[in-house]
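One structure below.
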Amino acid sequence: MFSWMAWSPPVAIFFSCIGLMLAGMTIWQVRSPSIERRGFLPMATTRGDRLFIGLLTAAYVNLAWAGLSDLHQGFGAAIGFVVLLIVMRRG
């Protein structure tokens, strides 16, 4: 069924973390509904909105790192994770 994709351990860990993050955010939203608020983003957002925007931003940071740098991709992933945390906390 999934033979078209190279399921290496890093890929499996990545998708597992995304799934766990979505499950955790769903449980958090059910237990404590979020309220829209304004941060540095130019619109009012909820936790789920900020997660989505943060994941997209982290993906773009990783793509830019892979395309523009010859350094190890782990550094790009770490920067993307920090950007995600900033968007989630301050966005």
Residue match in segment 17-33 (condition: loosely packed, with under 13 Cβ neighbours inside 10 Å, touching a strand residue (DSSP E or B) at 6+ places or on another chain (Cβ under 7 Å), over 18 Å from VAL83 (Cα atoms) and modelled with pLDDT of 85 or more): no
PHE14 open to solvent by 100 Å² or more (accessible area, probe 1.4 Å), among the hydrophobic types (A, V, I, L, M, F, W, C), modelled with pLDDT under 90 and assigned to a helix (DSSP H, G or I): yes
GLY54 vs. criteria more than 17 Å from PRO10 (Cβ to Cβ) and surrounded by 14 or more Cβ atoms within 10 Å (Cβ to Cβ): yes
Test: residue in segment 77-90 that is over 20 Å from LEU22 (Cα atoms), modelled with pLDDT of 90 or more and surrounded by fewer than 16 Cβ atoms within 10 Å (Cβ to Cβ): yes
Breaking point among (1) closer than 23 Å to PRO10 by Cα; (2) not in a helix (DSSP H, G or I), for SER34: (1)
Filter pass, ARG47 being surrounded by 15 or more Cβ atoms within 10 Å (Cβ to Cβ) and out of contact with any Lys or Arg (no Cβ under 9 Å at 6 or more places or on another chain): yes
Flag for PHE40 being open to solvent by 100 Å² or more (accessible area, probe 1.4 Å), part of a helix (DSSP H, G or I) and of a type outside the set (Gly, Ala, Ser): no
Given (1) open to solvent by 50 Å² or more (accessible area, probe 1.4 Å); (2) in contact with a strand residue (DSSP E or B) (Cβ under 8 Å, 6 or more places away or on another chain); (3) not hydroxyl-bearing (Ser, Thr, Tyr), number of the condition ALA66 does not satisfy: (2)
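The values are calculated or read from the model by the stated rules, or taken from the named source; none is laboratory data. Not measured: the values here are computed from a predicted model. We place every Cβ from the backbone using ideal geometry, glycine too, and count neighbours over all the protein chains shown. Just so you know, the surface numbers come from the protein's heavy atoms only, side chains and all, with ligands and any DNA or RNA stripped out. Shrake-Rupley method; radii C 1.70, N 1.55, O 1.52, S 1.80 Å.
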